[in-house]
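The values are calculated or read from the model by the stated rules, or taken from the named source; none is laboratory data. Quantities reported herein were computed from a predicted structural model and do not represent experimental measurements. Cβ placement follows ideal geometry from the backbone for every residue including glycine, while neighbour counts extend to all protein chains displayed. When the accessible area is computed, the model is the full protein with side chains, heavy atoms only, and any ligands, DNA or RNA have been set aside. Shrake-Rupley method; radii C 1.70, N 1.55, O 1.52, S 1.80 Å.
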Amino acid sequence: AVGSDPLIPRIPGLSEFALTPHQLIDKAGSEGQNIVIIGGGLSGCEMGLSYAEEGKHVTIIEMQKKLAVQANHIHGPAIQETLQRLADRMTLMTETTCVSVSEGRVEVLDKNRQPLTVYGDTIINALGLRPRRNLVEELRKADVPFFEPIGDCYDLTQVRGAVHNGYYRAMDIR
């Protein structure tokens, strides 16, 4: 399990001005009051809800029509309910495309293809992860008696899938 890397698409300024969830660990407590999250999947929504519960204003920018579409039948409704409960602290922008990122601002196209600027003290890239397949392939070629990739290093999945995969891979060890 060698993990994964943040997905950083070719959006001008994204890698320079948006923090990945990993980078946020070092910045804890200095985020400011206005948080912009690019990506409304499970991670983006969970982070957004956490910041909103702390009293911060959160804007989530998502390309799809719905937020957290990969949530299961239990988690999904709970996220939607909490998003509604915290609606006074959140701006949810679905069907919105991120065009560029700069210091304290994100340029987007809304669902009507109208340009808008979203301002924030902290901008977060929650667009997902990319498996470290190259490292996995290097390890496969190494001279080790048994090697089997598990977790996000080879196939991105939710926690349940990763645990399932890890369990059955461990059962193969003899």
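Among the candidates Ile74, Ile79, single out the residue that is surrounded by 17 or more Cβ atoms within 10 Å (Cβ to Cβ) and β-branched (Val, Ile, Thr). Matching residue, one of Ile74, Ile79: Ile79. Considering Ile74, Ile61, the condition of being in contact with a Cys (Cβ under 7 Å, 6 or more places away or on another chain), without any contact (Cβ under 8 Å) to a residue 60 or more places away in the chain and not basic (Lys, Arg) is satisfied by Ile61 alone. If you filter segment 19-42 down to residues that are within 23 Å of Thr117 (Cα to Cα) and of a type in the set (S, T, N, Q), you find that the one that is most open to solvent (accessible area, probe 1.4 Å) is Gln33. Evaluating Arg10 against the criteria (1) without any contact (Cβ under 8 Å) to a residue 12 or more places away in the chain; (2) farther than 25 Å from Arg113 by Cβ; (3) open to solvent by 60 Å² or more (accessible area, probe 1.4 Å) leaves one unmet condition, (2). Just so you know, in segment 26-40 the residues that are assigned to a loop (DSSP other than H, G, I, E, B) and at pLDDT 95 or above include one that is farthest from Thr94 (Cα to Cα), and it is Gln33. The strands (runs of 3 or more DSSP E) falling completely within segment 87-130 that include 2 or more residues that are within 17 Å of Lys66 (Cβ to Cβ) and open to solvent by 30 Å² or more (accessible area, probe 1.4 Å) map to 90-93.
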